[in-house]
Amino acid sequence: MGMRAAVAGASGYAGGELLRLLLAHPDLEVGPVAAGSGAGKPVTDLHPHLPQLEGLVFAETTVAVLAEADVVFLALPHGQSAALAAQLPADLPVVDLGADHRLASAADWERFYDTPYAGEWPYGLPELFREPLRGATRIAGPGCNATAMTLALGPLLQARLVEPQDLVTLTASGTSGAGRAASTSLLGSEVMGDVSAYKVASHRHTPEVRQSLSRLAGADVTLSYTPTLVPMPRGILATCTARTSACEAELRAALQAQYAGEPFVHVLPEGRWPHTAATAGSNACQLQVAVDPDAGRAVVVAAIDNLGKGASGQAVQCANLALGLPETAGLTASGVAP
């Protein structure tokens, strides 16, 4: 018998992905499975791809239910995790997939969110901020777009190979990143055959990315970020640029040095560019870098699965570190094709 993992918000896309990963985990097993409006419904009504959970019913999301587990995953909408987490035992490991505990600045929180500021937890991006996660009892999972952008630009800023000012990023994201709640703008007939920008100059991952990249750069960064919605269910392709006087070989060497030995982040061979399909169903991030000599800019492209490395896979990776388990347990860097 492994340690029991509770999932709050288990009826959503990230919650369902957590359940799928836990079913294959050698050291963790599915414990309490809680939902809000889905409470009382059979789990397989919403997650028919998980037949092993036939007969299991979503529980009410209460402290008593979650506290029965050895580790808790909070896959709740932004603003709903903090009050619940504050009531859980202090020694019970909790990984929050939402935004509630990502930001150090109360002012940034108040600008982008409409609930009270709850403080900052260790940031769950292991490849760049691993040590605070070992044995931690509270971890804030990064946002999906933030994960891709930070993995792409972080090592270059840390190596002082790109300038911290005038960072420009564009992400193309699948529809599951918006969650499972019904929305007219996410209907198939609205999204198919269309690409659209959204939350231009106001996306809530912006302060999170600025915070992480500033820490790695040792200086405040400026960032212009534009997200786009593309007609695919899952995946993120992030194109990130920064001013540089370095050559491509120097940039590549910095990325390779940072991610050497990392099981989930891969710098692709020269000439091969990341594809979202190549990371689907995995906890992998694929990276490629080039220099635009006319613009004097480094261009780094990252691909991840927004529900994998961008959410649930990364949450499991963080939980493994918190619990002293092998970091790769229950996870894969191999995607699903075609």
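Screening Ala82, Ala69 for residues that are under 22 Å from Leu307 (Cβ atoms) and either outside the structural domain of Thr206 (by TED's automatic domain parsing) or of a type in the set (D, E, K, R) (or both) leaves exactly one candidate, Ala69. Filtered by the rule that a residue be touching a residue at least 60 places away in the same chain (Cβ under 8 Å) and β-branched (Val, Ile, Thr), the range 114-156 gives Thr137, Ile139, Thr147, Thr150. Take the residues in the range 222-267 that are outside any strand (DSSP E or B) and of a type in the set (Phe, Trp, Tyr); name whichever of them is farthest from Leu161 (Cα to Cα). Among those that are outside any strand (DSSP E or B) and of a type in the set (Phe, Trp, Tyr), it is Phe264. Within the range 281-309, residues that are free of Cβ contacts under 8 Å to residues at least 60 places away in the same chain and in the same structural domain as Leu157 (by TED's automatic domain parsing) have Cβ atoms under 8 Å from residues that are hydroxyl-bearing (Ser, Thr, Tyr) and in a helix (DSSP H, G or I) in these pairs: Gln286/Thr279, counting only partners at least 6 apart in sequence or on another chain. Checking Glu60 against (1) surrounded by fewer than 16 Cβ atoms within 10 Å (Cβ to Cβ); (2) within 28 Å of Trp109 (Cα to Cα); (3) touching a strand residue (DSSP E or B) at 6+ places or on another chain (Cβ under 7 Å): exactly one of these is not met. Which one? Glu60 satisfies all of (1) surrounded by fewer than 16 Cβ atoms within 10 Å (Cβ to Cβ); (2) within 28 Å of Trp109 (Cα to Cα); (3) touching a strand residue (DSSP E or B) at 6+ places or on another chain (Cβ under 7 Å) except (2). For the range 246-297, the candidate set comprises residues that are under 21 Å from Ser176 (Cα atoms) and in contact with a Phe, Trp or Tyr (Cβ under 6 Å, 6 or more places away or on another chain); within that set, the residue that is surrounded by the most Cβ atoms within 10 Å (Cβ to Cβ) is Asn283. Residue check: is Val301 among the aliphatic types (A, V, I, L, M), more than 29 Å from Leu28 (Cβ to Cβ) and out of contact with any Pro (no Cβ under 6 Å at 6 or more places or on another chain)? When the stated conditions are applied, Val301 does not pass them. Of all residues in the range 285-321, those satisfying the criterion of being part of a strand (DSSP E or B) and aliphatic (A, V, I, L, M) are Leu287, Val289, Ala290, Val291, Ala298, Val299, Val300, Val301, Ala302, Ala303, Ile304. Restricting the first residue to the range 210-229 and requiring it to be within 21 Å of Pro126 (Cα to Cα), which pairs with a second residue that is surrounded by 18 or more Cβ atoms within 10 Å (Cβ to Cβ) and β-branched (Val, Ile, Thr) meet a Cβ separation below 6 Å and a spacing of at least six or different chains? Pairs found: Arg210/Val221; Ser212/Thr150; Leu213/Val221; Ser214/Val221.
Restricting attention to the range 36-52, the residues that are of a type in the set (A, V, I, L, M, F, W, C) and either free of Cβ contacts under 8 Å to residues at least 24 places away in the same chain or more than 22 Å from Pro233 (Cα to Cα) (or both) total 1.
Conditions (1) among the hydrophobic types (A, V, I, L, M, F, W, C); (2) under 19 Å from Tyr13 (Cβ atoms); (3) more than 15 Å from the chain's Cα centre (by Cα), marked per residue:
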residue: His275; (1), (2), (3): no, no, yes
residue: Val301; (1), (2), (3): yes, no, yes
residue: Ala311; (1), (2), (3): yes, yes, no
residue: Ala319; (1), (2), (3): yes, yes, no
residue: Glu327; (1), (2), (3): no, no, yes
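Would you confirm, using the coordinates I've provided, whether Arg204 is in contact (Cβ under 8 Å) with a residue 24 or more places away in the chain, under 17 Å from Ser173 (Cβ atoms), of a type in the set (Lys, Arg) and surrounded by 22 or more Cβ atoms within 10 Å (Cβ to Cβ)? Taking the combined requirement at face value, the residue does not satisfy it. Scan the range 192-211 residue by residue and report those that are more than 26 Å from Arg111 (Cβ to Cβ) and in contact with a strand residue (DSSP E or B) (Cβ under 7 Å, 6 or more places away or on another chain). Correct list: Val195 only.
The values are calculated or read from the model by the stated rules, or taken from the named source; none is laboratory data. Please read these numbers as outputs of a predicted model, since none were measured by experiment. Here Cβ is always computed from backbone atoms with ideal geometry, including for glycine, and neighbour counts include all displayed protein chains.
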